[in-house]
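**Q** Here it is, the structure, as structure tokens.
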Amino acid sequence: MRLRHIEMFNALMMTGSVSGAAKLINVSQPAVSRMLQHAEVQLGFQLFQRVRNRLVPTPEAETLFPHVERVFKDLDEVQRVSATLRGGKAVAELRIASILTLGHEVIPRALKLFNAKHPDVGVVIKTFHSPEMLSALLLHEADVGFLYGPASHPALLLEEVGQAHIVCVAPKGLLPARAVKKGAISLQELAGTRVIGVESTQTLGATISQACREAGIAFSTPFTVQTYHAALALVRHGLGAALVDSCTALSADLAEVEVVALEPAVPVAILAARPAAAATSLPARRFTKAVQQVLAGP
């Protein structure tokens, strides 16, 4: 397919009609029809079927479309870089991958520090679950990633940049006053408290489960959610306490909830990951330092 055919095909997939595609790419409807016919002749298969005056993509078109979307994403990047060069600026971009939990507060706070010193560096942030994040790094789709440890991969360089701790977040008045005053509570003291469950097979969930097993504690969990921020929302509405990481707890509204540490402490390592086969860029190193600064606290 020629680039013009690809543009036409993308417009047809987005609008579902010849008239809509014509408006989108600023050509006449007959021109769109001719390009579609030429593209199908070149490809050797049909891209659309007409059903009630609508164009319905064939299975072949559905298979082709994700690849076309990637082409347009690359074209958008070419236009962005061209605009940067036209403005006389050097091309600088940092691609960051992060697990969801760190992406809510830690990464934005680090970005604020980084941007204050490097305002000309464009930053792209994508959040993933840990396995998908590591895959993005291995495919060189990101320059640096941040996740909870332990983790290992022979093709990645892993560096501990800080630690989080497991904390208890609870509606005001739910926890014993002595625990709130002390700022810490044991798992045994929480044994009779309704605790919101979190579906997780990731490092953080395994760490919490292991701590509960070692303490011989099995909580009553009438509500189960998929993410720690969802658990935080349920806590805010008075539906129980939750065990979350201290990075998630940064989002807690202290006017509505109590946040106390677990005693004894349950630490979780936070790692920076980079592809071992590629040199670490200066922006990636500086952003990693910003993350370390955020994790170190005031």
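Read-outs: derived from the displayed coordinates by stated rules, not from any lab. All figures in this text were calculated on a predicted structure; none of them were measured in a lab. Heads up, the Cβs are rebuilt from the backbone with ideal geometry, glycines too, and the neighbour counts pull from every protein chain shown.
**Q** Match the structure shown to one of the listed values (1) 18.6, 59; (2) 25.4, 78; (3) 18.1, 53 of Rg and Dmax of the Cα atoms in Å, computed from it, and give that label.
**A** Checking each listed value against the structure points to (2).
**Q** Rank-order 60-68, 130-138, 166-174 by packing density, defined as the average count of other C-beta atoms within 10 Å over each peptide's residues, highest first.
**A** Values: 60-68: 14.1, 130-138: 17.9, 166-174: 20.3.
Result, highest mean Cβ count within 10 Å first: 166-174, 130-138, 60-68.
**Q** Now for a separate question. Given C-alpha coordinates of segment 99-238, what is the ratio Rg to Rh with the Kirkwood estimate of Rh?
**A** Numbers: Rg = 17.9 Å, Rh = 17.6 Å.
Result for segment 99-238 is an Rg/Rh of 1.02.
**Q** Rounded if a/c is under 1.5, else prolate if a/b beats b/c, else oblate: with a ≥ b ≥ c from the C-alpha gyration tensor eigenvalues square-rooted, which is segment 163-268? Please report the intermediate quantities before stating the final value.
**A** Working: a/c = 1.26, a/b = 1.11, b/c = 1.14.
The shape class here is rounded.
**Q** So what is the 222 nm mean residue ellipticity for the chain from helices alone, if each DSSP H run of at least 4 adds -39500 (n - 2.57) and you divide by all residues, rounding to the nearest 500 deg cm²/dmol? Let's see the in-between values first.
**A** Numbers: 12 runs with 136 residues, N = 298.
That comes out to -14000 deg cm²/dmol.
**Q** How high is the relative contact order of segment 163-268, given as a whole-number percent (alpha carbon pairs under 8 Å, six or more residues apart)? Present the calculation step by step, with values, prior to reporting the outcome.
**A** On the way: 185 pairs, mean separation 56.2, N = 106.
Relative CO of segment 163-268 lands at 53 percent.
**Q** Just list whichever of 126/289; 73/289; 23/73 have alpha carbons separated by over 25 Å in the model shown. All intermediate terms of the calculation are to be shown ahead of the outcome.
**A** On the way: 126/289 19 Å; 73/289 30 Å; 23/73 21 Å.
Long pairs (Cα-Cα over 25 Å): 73/289.
**Q** Report the Cα centroid-to-centroid distance between segment 9-63 and segment 279-298 in angstrom, as an integer.
**A** Spelled out, the Cα-based centre of one part sits 47 Å from the other.
**Q** What lysines does residue 182 reach when the alpha-carbon gap must be under 27 Å and sequence neighbours fewer than 8 apart in one chain are set aside?
**A** Once the sequence-local lysines are set aside, what remains near residue 182 is 172.
**Q** How many percent of Cα pairs in segment 3-86 exceed 18 Å? Display every interim value, and only then the final one.
**A** Working: 1518 of 3486 pairs.
Considering segment 3-86, 44 percent of its Cα-Cα pairs are separated by more than 18 Å.
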